[in-house]
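The values are calculated or read from the model by the stated rules, or taken from the named source; none is laboratory data. The structure presented is a predicted model; accordingly, all values stated were derived computationally and were not measured. Methodologically, a virtual Cβ is constructed for each residue, glycine included, from the backbone with ideal geometry; neighbour enumeration extends over all protein chains shown. With ligands, DNA and RNA removed, areas are computed over all heavy atoms of the protein, side chains included. Shrake-Rupley method; radii C 1.70, N 1.55, O 1.52, S 1.80 Å.
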Amino acid sequence: MTTPSSAPSTLAALVHCACHEQGGGGPFDPLRLRKDFPILTLTVHKDKTLAYLDNAATTQKPASVVCVLCEYYQACNANVHRSLHYLAEQATLRFEEARRKVQRFIGAPSERSVIFTRGTTEGINLVAQAWGRRNLKPNDEVVLTGMEHHSNLVPWQLVAKETGAKLKFVPVLDDGALDLDAYGRLLKGRVRLAAFTHISNVLGTVNPVKQMTAMAHAAGALVLVDAAQSVPNRPVNVADIDCDFLAFSGHKMLGPTGIGVLYGRLEILERMEPFLAGGEMINRVTLEESTWADLPQKFEAGTPHVSGAIGLGVAVDYLQRVGMETIRAYDEHLARSMIARLDAIPGVRVFGRAPERGGAVSFEVEGVHPHDLAQFCDKDGIAIRAGHLCAQPLMQRFGVPAVSRASVYFYNVEEELDRLVQSILKAKAFFHGA
Ligand code: PMP
């Protein structure tokens, strides 16, 4: 008799899509890779070819990711880790295979240290609630930075309020880099945790996370890295950084929305109590009390986003075929090319000039409100972001209520930057008559 796990997946074969190998082959060529992303061929507002420059908010998805979601629901859908039937076993195998893909992708020592979450926000909240609320005492300190996304600020404000811990902030220098001398001084306090972003979603700054982690460890503090903008953009290896926690989102790296990852150091995760409670995360339950499942299930209460995890695994496959170092270099090249163009326009101010950068470029155009500019661009088919970018303290630091942000990814091309410049010039002329 054939066992379920070795049986050919006939249904899966039926709906198998030929796009699984997308992303690879030959030298890096953004024009070729664009063909893997059906949405990039869209025309919007009747006849404007879409120029998608909002990748720091979310990236587009290659057909291989879109198709695997469809295929999963048509050929594999079942709840994981529970039922003993064929589909449940297939779904569980694929869900856990996705976990191992992510584990290898970020260099995690064990698949047990890879927790599926809804995204970066949930990962950070998990640490804040399950570690912070239990371990922080009055007057303990948590060091954050002045460039954090609200996701890595508000959860700590909540926990500080409850525990009496204090939040300290590394100042941001004028060029958008962190003041590392000040960071060193802050670490002399009663610091229990340093939590910082790897790449700023506003300034594009790449922070020296390995050095900052070593400094925090030397001061006896744990480290959480917000890698929402870095895991999509460059090779990130948790063993090399040596951080204790690292959180990121699938949707910013070609994957589906609603799936993300929290990496945690095993010894710490093992000592932590659960975040959410319910099914899947227990070992034994009586009416009075419960014991917890082993890692990672202890932190994965309820039915997980099975298709999302499988889609994220396919996204990881795609990114690896393109090559993370290739993506890093190209994103940086395009971002610098954009800055050169913006610098050439009178009245445009770019925020963020740190030596190492990712693909997000924020700027203001004198006399044109960021929302008006975003609408102008949109009419030309160009998608950019405008607002406080979930970093209101950083807006206050630079004395602006809002900024415009164009953020590139490896499927963007120089011609799209030229179109952005043309739209900015048009908006300027409209508002200034110049
Ligand atoms: N941190 C950073 C640096 C981000 O850019 C984002 C998303 N803009 C987040 C956290 C939050 O990610 P998510 O909304 O996917 O949880």
- Cross-link partners of Lys298 among aspartates and glutamates (Cα-Cα below 12 Å; sequence separation of 8 or more within a chain): Glu270, Glu273, Glu280
- Note on the structure: Helix-only [θ] at 222 nm, the chain, -39500 (n - 2.57) per DSSP H run of 4+, per residue, nearest 500, equals -11000 deg cm²/dmol
- Given a 1.4 Å probe, the accessible area of the range 86-320 per residue, as a whole number of Å², is 36
- Query: Looking at the range 86-320, what % of the alpha carbon pairs are farther apart than 33 Å?
  - Reply: 16
- Task: Output the peptides 190-200, 262-272 sorted from most to least packed, where packing is the average of other Cβ atoms within 10 Å over each peptide's residues.
- Result: 190-200, 262-272
- Item | Additional length obtainable on full extension of the chain from Lys35 to Glu111, 0.36 nm per residue less Cα span | 24.0 nm
- Of Pro304, Pro155, Pro355, which is the most mobile in a GNM of the chain whose springs link Cα atoms less than 10 angstrom apart? Pro355
- Query: To the nearest 0.05, how large is the calculated FRET efficiency for Arg349 and Arg284 if R₀ is 45 Å and r is the Cβ-Cβ distance?
  - Reply: 0.15
- Choice from Leu84, Leu180, Leu312 with maximal GNM fluctuation in the chain (Cα, 10 Å cutoff): Leu84
- Difference of contour (0.36 nm per residue) and Cα-Cα distance, Ala239 to Ala329: 30.2 nm
- Once the piece of chain linking Asn79 and His150 is laid out straight, how much longer is it, given 0.36 nm per residue of separation minus the C-alpha distance between them? 22.2 nm
- Please report the base-10 log of the normalised intensity I(q)/I(0) for the range 324-432, using a Debye sum with one equal scatterer per alpha carbon and no solvent, at each q in 0.13, 0.20 (1/Å). -0.45, -1.08
- Intensity falloff of the chain expressed as log10 I(q)/I(0), Debye formula with alpha-carbon point scatterers, at q = 0.11, 0.13 Å⁻¹: -0.88, -1.17
- Counting only protein heavy atoms and using a 1.4 Å probe, what share of the accessible area of the chain belongs to carbon plus sulfur, as a whole percent? 55
- Correct semi-axes for the range 40-131, from √(5λ) of the alpha-carbon gyration tensor and rounded to whole Å with the largest first, are 31, 22, 12
- Choose one answer from Ser64, Ser83, Ser423: the residue with the largest mean-square fluctuation in a GNM of the chain with alpha-carbon springs under 10 Å. Ser83
- Pseudo-spin-label distance Cys70 to Lys46, built 7 Å along Cα→Cβ, given in nm, is 3.1
- Given Cβ charges of +1 for Lys and Arg and -1 for Asp and Glu, the option among Trp292, His198, Gly367 whose Cα lies farthest towards the positive end of the dipole of the chain is Gly367
